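Enquirer: Structure in structure tokens, see below.
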Amino acid sequence: MTADSTIPSQAAVASRANTSNGQPRTKICVYCGSAPGSSHAHIEAARALGKAMAENNIDLVYGGGTVGLMGEVAKSLCAINGPESVHGIIPEALVKYERDGTYGTVNENNHIVPEESVYGRTTVVKDMHTRKKLMAEEVFAGGPGSGFIGLSGGFGTMEEIFETTTWNQLGIHNRGIVLLNIEGYWDGIVQWMDRAAEQGFVKPANKNILVNADTPEGAIQALRNYKVSDAIYQLQWGKLGIGDGLVFYGAKWMILQPAFLG
């Protein structure tokens with residue numbers, strides 16, 4: 001997060017959420033690759049996840065790309081539930097790398113964005129930190145079952161998953177995080193979590209902060225059933241004695257509101 005970034009509490013952002021029958025809509029942030037992967041199973045899983053989210057009336061927030069797994073999740077959901085169900089958030093510098101020929105519309109901010117009827121709404125932001133902040137805000141504002149799902153991806157996907165997991169361990173949020181483990185793609189990470197707990201680097205209860213699922217339906221259900229670990233750090237982020245919620249995290253200063261535990 002940049003020095004002037006504010007990560008609001010879940011309660012603080014809930015009032016801005018879209019509602020369904022007077023309740024905040026469920027929002028899932030999907031982290032995944034801008035590449036399709038060498039096995040077609042990854043593309044099929046991305047499409048199936050979009051379809052499952054549509055069937056469960058769940059909205060998507062994602063990295064805004066139109067290629068690879070990102071594009072498939074967005075297209076699948078948008079085709080069924082319409083553009084209002086999808087919000088892509090992409091840094092301006094990545095637009096030329098994570099787009100296909102559908103990036104041809106110029107929005108009110110003079111940014112080139114993809115066709116809304118195909119990929120939903122797209123917001124172009126200045127940097128990666130803003131992208132992650134806005135995606136997290138939407139999940140925190142969402143209704144029951146909101147959370148984060150990690151499909152297959154590379155370094156960026158892994159970084160997003162682990163940062164979100166770390167925030168949970170530190171008590172910054174209480175939303176679920178699920179690995180959608182296609183063809184054993186995340187098996188190495190699951191084994192590492194077990195090893196880290198066995199060797200005393202992760203509290204045994206905290207290895208379950210990051211949940212493993214092998215189907216889209218299973219991942220969605222895992223978010224609905226998610227229970228916060230009893231072993232997370234019970235930190236008061238706004239009362240650290242170094243200013244009004246100002247903390248040093250991830251090599252950057254960021255401001256946390258006292259109510260963030262939500």
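Enquirer: Give me the distance in nm between label points sitting 7 Å out from Cα along the Cα-to-Cβ direction at Asp194 and Thr130, one decimal.
Expert: Here the answer is 4.3 nm between the modelled labels.
Enquirer: Evaluate E = 1/(1 + (r/R0)^6) for Gln23 and Val228, where r is the Cβ-Cβ distance and R0 equals 22 Å; express this FRET efficiency to the nearest 0.05.
Expert: Numbers: r = 21 Å, r/R0 = 0.95.
After rounding to 0.05, the efficiency reads 0.60.
Enquirer: For the stretch 21-237, build the convex hull from the C-alpha positions and give me its volume per residue in Å³. All intermediate terms of the calculation are to be shown ahead of the outcome.
Expert: Details: hull volume 27.7 nm³, N = 217.
Hull volume normalised by residue count: 128 Å³.
Enquirer: Still on this structure: Which of the pairs Lys75/Lys227; Lys75/Lys126; Lys132/Lys207; Lys126/Lys203; Lys51/Lys207 have their Cα atoms more than 27 Å apart in this structure? Could the numbers behind the result be given before it?
Expert: On the way: Lys75/Lys227 31 Å; Lys75/Lys126 24 Å; Lys132/Lys207 23 Å; Lys126/Lys203 37 Å; Lys51/Lys207 29 Å.
Distance filter (> 27 Å) returns Lys75/Lys227; Lys126/Lys203; Lys51/Lys207.
Enquirer: So if I place +1 on the C-beta of Lys and Arg and -1 on the C-beta of Asp and Glu, and nothing else carries charge, what would the dipole magnitude of the stretch 21-237 be about its Cα centre? I want it in debye, nearest 20.
Expert: Working: 18 positive and 24 negative charges, 79 e Å.
Roughly 380 debye for the stretch 21-237.
Enquirer: For a quick check: sort Val228, Val190 by the number of other beta carbons within 10 angstrom, fewest at the front.
Expert: On the way: Val228 13, Val190 16.
The fewest-first ordering by Cβ neighbours comes to Val228, Val190.
Enquirer: Simple spin-label model, 7 Å along Cα-to-Cβ: Ile80 to Ala35 in nm?
Expert: Here the modelled spin labels are 2.8 nm apart.
Enquirer: Another question about this same structure. Write down the percent of antiparallel bridges among all DSSP beta bridges whose residues are both part of the stretch 21-237, to the nearest 5. Can you show the working numbers first?
Expert: Values: 3 of 27 bridges.
Looking only at bridges with both residues in the stretch 21-237, the antiparallel portion is about 10 percent.
Coordinate-derived values only; no laboratory data. Being a predicted model, the structure only gives us computed values, none of them experimental. Heads up, the Cβs are rebuilt from the backbone with ideal geometry, glycines too, and the neighbour counts pull from every protein chain shown.
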